[in-house]
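Everything on this sheet refers to the single structure shown next.
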Amino acid sequence: MAYDYDPENIFAKILRGEIPNDTVLETDHCLAFRDIAPQAPDHVLIIPKGAYVSFDHFAAEAGDAEIVDYTRTIGKVCKMLGVDLDAGVDGYRMIANTGKNGVQDVPHLHVHILAGKFLGRMLPNI
């Protein structure tokens, strides 16, 4: 399958330093930053630095170090925000939108960490 990565997407521009961001954490392989239009009191995006469109693309083509770093960065961000279950809070939501049906706005793999309030059901009847 071909993954069409657009190197001019907003996250690619953020990674190149062309657009500023409110960085929460940066690692060798990832960048975590606050969403510019937060949907919850805590709303952080976590992106790999590599040119990956979706999680399936990332899982198929990323190196082991990238995969481990991305996964651990998500956990570190939750801990830094104080929303991990060990912190004694009521949790968080992690969302990754993919493709047209998933309503993916930016064609660069990213997860949203949303927390700080009750978020309700994600979809009706689930």
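Side notes on the structure shown:
- Consider segment 10-64 and keep the residues that are acidic (Asp, Glu) and touching a residue at least 60 places away in the same chain (Cβ under 8 Å). The one that is farthest from residue 77 (Cα to Cα) is 35.
- Complete set of residues in segment 94-118 that are farther than 20 Å from residue 58 by Cβ and either aliphatic (A, V, I, L, M) or touching a strand residue (DSSP E or B) at 6+ places or on another chain (Cβ under 8 Å) (or both): 114, 115, 116
- Residue that is farthest from residue 120 (Cα to Cα), among those in segment 1-50 that are among the acidic types (Asp, Glu) and in contact with a strand residue (DSSP E or B) (Cβ under 8 Å, 6 or more places away or on another chain): 26
- Note on segment 44-86: among residues that are more than 26 Å from residue 3 (Cβ to Cβ) and either crowded, with 18+ Cβ neighbours inside 10 Å or of a type in the set (D, E, K, R) (or both), the one that is farthest from the chain's Cα centre (by Cα) is 86.
- Any pair with Cβ under 7 angstrom, 6 or more apart, that starts in segment 70-92 at a residue that is outside any strand (DSSP E or B) and ends at one that is charged (D, E, K, R) and surrounded by 12 or more Cβ atoms within 10 Å (Cβ to Cβ): 78/84; 81/42; 83/42
- In segment 83-126, the residue that is farthest from residue 39 (Cα to Cα) out of those that are charged (D, E, K, R) and modelled with pLDDT of 90 or more is 100.
- Of all residues in segment 49-67, those that are over 9 Å from residue 109 (Cα atoms) and assigned to a helix (DSSP H, G or I) total 8.
- Pairs, first touching a residue at least 24 places away in the same chain (Cβ under 8 Å) and over 19 Å from residue 85 (Cβ atoms) in segment 106-120, second assigned to a strand (DSSP E or B) and of a type in the set (A, V, I, L, M), C-beta under 8 Å, six or more apart: 108/47; 109/47; 110/45; 110/46; 110/47
- Qualifying residue in segment 3-25 (condition: modelled with pLDDT under 95 and loosely packed, with under 12 Cβ neighbours inside 10 Å): yes
The values are calculated or read from the model by the stated rules, or taken from the named source; none is laboratory data. Note that the structure is predicted; figures quoted are calculated from it, not measured. Because the Cβ atoms are built from the backbone with ideal geometry, glycine has one as well, and the counts that use them run over all protein chains shown.
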